[in-house]
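Here is the structure we will look at.
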Amino acid sequence: MIVAGRGKRWSAKLLVADSAGGLRNLPRVALESLFEPGDLVVANDAATLPASLMGIHCVSGDAIEIRLAAWERVGDPTRFTALAFRGGDHRTPTEERMAASLARDDRLALGPLVAVVEHCLASRLYKLRFLGDRTNILAGLARHARPIQYAHVPELLALCDVWTKIAADPIALEPPSAGFALSWRVQASWRERGIGFATLTHAAGVSSTGDPALDARLPFDEPFCIGKRTAAAIAQTKACQRRVVAVGTTVVRALESAADENGGVRAGEGVARGRIGRKTPLRVVDALLTGVHQPGDSHFELLHAFADDAALQSIAATLCASGYRSHEFGDSLLIERRGLG
Amino acid sequence: MLTDGDLKGLRVALTGGTSGLGLALVRLLTARGARVAFVARSAPAVEQIARETGAYGIVGDVGRKEDIYPVALQVTANLGGLDALINNASSLGPTPLALLADTECEELEQALRVNVLGPFRLTKALLGALAASVRSGRGAAVINVSSDAAVNPYAGWGAYGASKAALRHLTDIWAAEAKADGICFLSLDPGDMDTPLHALAIPASDPKTLKRPREAAAEIVRALLAHVPGATRRTEGP
């Protein structure tokens, strides 16, 4: 394991921000003793597809990197919306990467895979179709593609670094990273204490395009699926006036997209559209376990749905002063929504 | 009683699917309607068996750490989830079989990589998918193919026996730990079978005295069905 904190017993931290504005610094292992019997923790069990492919733009002969940004139809690996970068690699921050200029019908040689440009959607954003059948495309992705890499993680990330312990169906294009906090031990402790655990599957897409205009459109529409048992568990939790804790912002987006009038959620497939922010009423989620993000990025902005500006400023100041590590493989924040009794 | 299509919807992954017991399992499971993904090292053999049976063939070596997650990815993406994992691929260690004192360290390491670390790694990588199957009410099981050499200290079977003993103990501990998660772990000893592996180990044995792999495969499927609640009512859907 090459990412700080994965593989070795490292002391991740957890900041707990309660609805009254109180802040507590805890070791993240304390997660297993949080929450009350009857509460329900809901996590995203999507595994992560390796979504970065290095290759050649056949017309120009230029080296390119393709990053799969969204599914055309979730689970069908033949078509994706994808970003195209010229040369270089992830060690250059995404916003400093040059866009690759591709034209319709251009071919891309991506290791054992060949892709064709079907549409140009925007600067650096294209619809691609992989040639070949589904099983061969999956084999090609498994062998040749890497997980999307991050400039702040210099070592190459492998699939084992980006799959959470609960990773199941590989439909996320970047990891639902809040789930890194969920060990089997934590789940066992919750079970013993009468705290429920349920999952949904949400195809988290790219977190950054490197283009300010495109970044303003993030997150792209993301498909999700909520099983009947998860919907029933949420209904029961609400009926007992207990709390629903979302693990990760993808879970907030999915649950609030699927919310019905009674504070429950509709089971089945859906698409999460738009951003959650200060004007979004939270109808289902009472608390959020998430990674540590900086004010300004879309994950942090989502926290405005949970707490007011003063509370968020105080949280940001504490995260900074206490040396919390940000980004996908860092520390964690548990935030309760304001007005929670 | 075997009936065509009675395992419709069951999603099974197995390793070592192009010869011996693994091949018999791929044939039996697909004939009974299960969705099967199998792993083996030889691309031509994988292609051939995939074509013959309709199962998803995955080229990979469970003894190679780098292959594990790419294999797991293809398993779950092709099957859309996973109800059962059968860790069947095995290495004999040195062939012809050797006394421990004549066994090279690398040969023991190879047996441990394929027979212990491989199943451990692949199970870990797929445990999330198996737990998801349990949460959706389908149940989940991991079957690790064992041997009487895991229990009895047969002279000449040191690398194989020690690695299978480790796998057996690993299975028992995992069974205890994963019980509350609803994932069933089983060690199954298929007995002495007429397989290429057995012929490598004991070239002089008479195939007529050995069990047919398809009999052993049928026993394993029976055990699987007995331990995965809901396996036989899958046609009703998740």
### Query
Quick one: how many residues across the stretch B:141-171 are touching a strand residue (DSSP E or B) at 6+ places or on another chain (Cβ under 7 Å) and under 17 Å from B:Phe120 (Cβ atoms)?
9
### Task
For A:Pro170, indicate whether it is closer than 29 Å to A:Ala100 by Cα, within 11 Å of chain B (Cβ to nearest Cβ) and either crowded, with 23+ Cβ neighbours inside 10 Å or not hydroxyl-bearing (Ser, Thr, Tyr) (or both).
yes
### Message
For the condition within 14 Å of chain A (Cβ to nearest Cβ) and out of contact with any helix residue (DSSP H, G or I) (no Cβ under 8 Å at 6 or more places or on another chain), what is the one hit in B:Leu79, B:Leu117, B:Leu73?
### Response
B:Leu79
### Query
Mind checking whether some residue in the stretch B:182-193 is surrounded by fewer than 18 Cβ atoms within 10 Å (Cβ to Cβ), in contact with a helix residue (DSSP H, G or I) (Cβ under 7 Å, 6 or more places away or on another chain) and of a type in the set (D, E, K, R)?
yes
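Can you find a residue in the stretch A:118-125 that is outside the structural domain of A:Pro170 (by TED's automatic domain parsing), over 15 Å from A:Thr81 (Cβ atoms), of a type in the set (Ser, Thr, Tyr) and not in a strand (DSSP E or B)?
Taking the stretch A:118-125 as the starting set, the residues that turn out to be outside the structural domain of A:Pro170 (by TED's automatic domain parsing) are A:118-125.
Cutting the leftovers down to over 15 Å from A:Thr81 (Cβ atoms) gives us none.
The answer is no, given that none of the residues of the stretch A:118-125 is outside the structural domain of A:Pro170 (by TED's automatic domain parsing), over 15 Å from A:Thr81 (Cβ atoms), of a type in the set (Ser, Thr, Tyr) and not in a strand (DSSP E or B).
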### Message
I'd like the full set of residues that are at pLDDT 95 or above and among the hydroxyl-bearing types (Ser, Thr, Tyr), limited to the stretch A:208-248.
### Response
A:Thr230, A:Thr237
### Task
Output the qualifying pairs, or none if there are none: Cβ atoms under 9 angstrom, residues six or more apart or on different chains, first residue in the stretch A:293-311 and assigned by TED's automatic domain parsing to the domain that holds A:Ala272 and more than 10 Å from A:Arg278 (Cβ to Cβ), second residue surrounded by fewer than 21 Cβ atoms within 10 Å (Cβ to Cβ) and of a type in the set (A, V, I, L, M).
A:Gln294/A:Ala316; A:Pro295/A:Leu312; A:Pro295/A:Ala316; A:Ser298/A:Leu218; A:Phe300/A:Leu312; A:Phe300/A:Ala316
#### Entry: Count of the stretch A:179-201 residues which are part of a strand (DSSP E or B) and more than 10 Å from every other protein chain (Cβ to nearest Cβ)
2
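The values are calculated or read from the model by the stated rules, or taken from the named source; none is laboratory data. As the structure is a computational prediction, the values presented were derived from the model and not from experiment. Every residue, glycine as well, gets a Cβ built from its backbone with ideal geometry; the counts of neighbours run over all protein chains shown.
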